[in-house]
Amino acid sequence: MKIQRNNLSIILIASALGVAALAVVQVIWMRHSWQLSEEIFSQRVSMALCSTIKTYQGGTLCAGGKCAVTGTSGNLALKNVSHLPVGLVDKPDFRAELDKTLLFYQIDTGYQLSLSRTKKCQPDVYQTAILLPSLGGDEAYLSMRFPNKKTFILKSMNVMMLATAIILFFITAVLLFVNWSLMKQKRLLQTNVDFFNNMAHEFRTPLSNIGLAVNMLTKKHNELKDSRLVDVIRQENKLLLQEVERVLHLAKVENGDYVLEKELISIETILETAVNGMAMPLATHQAKITLEGIPQYTNVLGDKQHLVNVFRNLIDNALKYSKERPIIHISAKTEHKGIVVTVHDNGIGIPTEHRKLIFEKFQRIPQGNQHTQKGFGLGLAYVKSMIELHKGFVRVGSEENRGSRFEVFLPTV
Ligand code: ADP
């Protein structure tokens, strides 16, 4: 069996894309929060400047109390503020007042102050226009710069960045671990499957030899012809050989190197051959089988042997999984570009939750530890893979305890 290599690659690519997308989202989010932090910083500085000027020397310097401070644009004017001395920037009490207010607004980083006659329209310069009587009522500009502003903002975002990095790292580590374990499981499964397929291959020759030997034995010793024991050997040998063939067929199909021997064949012939081939088991189970609405001249291009086997498998299951006398109804309906053959039985039915699984290899519906019917769970996997090789599909409908209905679609020619 080729383990779903594609699925694994998809999981790997999807998780890598997921982590990349998460990282991109985080970067966008961090940039956004950087801008937000810068804005908050500007607002706090503005408020601190404004509040300092208003309260400095009991507010006497602030005439009208109207206050506005520029950020990077330097475009706002602080009106109605007067009497600020030119040497203001060096005054220890002004500095102390400003420091206190900045701390109140949680701005704890060094700054530079300057006074100028002109506006400084520079980024990262916070300005307030002030009116100085010493300058004859002209506007002057008090400017503030924070040389370590970026480091300060970065520090305030430290926890967030660290948390983001840890979460990203954690998610990446988990995804890497999941992918690594998946690959390990895949390798292990592949080894098991290869071993199983090799074993089946090795069993084929001895089983065929046992069959040949039994035939020769009964030819040589005529009295053994009707022996019950010989019959048991023959039957069990046939059963084992059939399962081995199924395993090998499925392995070939999954490896993509199975070649069908296609011919033009009618649906009617396929179904009749399948039913006739099942005459013995049908009689043993005292089953009633009906064929209805089978079109006479509807042909498919397919491998006769395998298509017959498909319907034999479905009939065989209908016999195996029924508690009462089996009643099997086979019908057909032409559809657009194909035909749907339905095999309906009155058996035990298939619970909804198992319907998808039964087409997988080795899947049997759990019945506790007891399995009243023999089988390896390969029959329906074979049916599905063969029908899909013929570009058809198979689906199942069922009512628990009231029977199952298998529908096989095959393209017609
Ligand atoms: P096996 O018969 O060897 O177990 P299959 O692949 O043919 O393997 O079937 C898988 C499982 O699906 C069976 O074990 C059985 O439980 C269920 N099943 C298949 N066909 C029928 C049916 N006609 N009615 C009820 N259950 C069925």
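The values are calculated or read from the model by the stated rules, or taken from the named source; none is laboratory data. All values derive from a computational prediction rather than experimental measurement. Cβ sites come from the backbone with ideal geometry, for glycine too, and all protein chains shown count toward neighbours. For accessibility, only protein heavy atoms count, side chains too; no ligands or nucleic acids. Shrake-Rupley method; radii C 1.70, N 1.55, O 1.52, S 1.80 Å.
Suppose all protein chains stay in the model; what accessible area per residue would a 1.4 Å probe give for the chain, in Å²?
Here the residues of the chain average 59 Å² of exposed surface.
Can you work out ³J(HN,Hα) from phi for every residue in region 234-240, in order, using Karplus 6.51 cos²θ - 1.76 cosθ + 1.60 and θ = phi - 60°, giving whole Hz and x for Gly and Pro?
Result, rounded to whole Hz: 5, 5, 5, 5, 5, 4, 5.
Packing-wise, with mean Cβ within 10 Å as the measure, how do 334-344, 219-229, 157-167, 31-41 rank, highest first?
Packing proxy ranking, top to bottom: 334-344, 31-41, 157-167, 219-229.
When a/c is below 1.5 the answer is rounded, else prolate if a/b is larger than b/c, else oblate, so apply that to region 278-413 with a ≥ b ≥ c taken from the square roots of the Cα gyration tensor eigenvalues.
The shape class here is prolate.
Between helix 304-320 and the chain, what is the angle of the helix's C-alpha long axis to the longest principal axis, kept within 0 to 90° and rounded to the nearest 10?
So the inclination is approximately 90 degrees.
Counting only residues 5 or more places away or on other chains, whose amide H sits under 5 Å from the amide H of I289 once H atoms are built in the peptide plane?
HN-HN under 5 Å from I289: I328.
Looking at the chain, send over the antiparallel percent of its DSSP beta bridges, to the nearest 5.
About 85 percent, rounded to the nearest 5.
When a/c reaches 1.5 or more, the comparison of a/b and b/c decides; with that in mind, is region 246-286 rounded, prolate or oblate per its Cα gyration tensor?
oblate
From the phi of every residue in region 280-285, what ³J(HN,Hα) in whole Hz does the Karplus formula 6.51 cos²θ - 1.76 cosθ + 1.60 yield, where θ is phi - 60° and glycine or proline is x?
Once θ is set to phi - 60°, the couplings for region 280-285 become 4, x, 4, 5, 4, 8 Hz.
Is the chain rounded, prolate or oblate when judged by the Cα gyration tensor, a ≥ b ≥ c being the square roots of its eigenvalues, rounded requiring a/c under 1.5 and prolate requiring a/b larger than b/c?
In terms of gyration-tensor shape, prolate.
Using only Cα atoms and rounding to the nearest 10 degrees, what angle (0 to 90) does helix 92-104 make with the longest principal axis of the chain?
The angle comes out near 20 degrees.
Which pairs break 23 Å Cα to Cα here: K186/K262; K186/K320; K252/K391; K252/K304; K262/K337; K252/K337?
K186/K262; K186/K320; K252/K337
Kindly express, to the nearest 10 degrees and within the range 0 to 90, the angle between helix 379-389's C-alpha long axis and the longest C-alpha principal axis of the chain.
Here the helix axis deviates by roughly 70 degrees.
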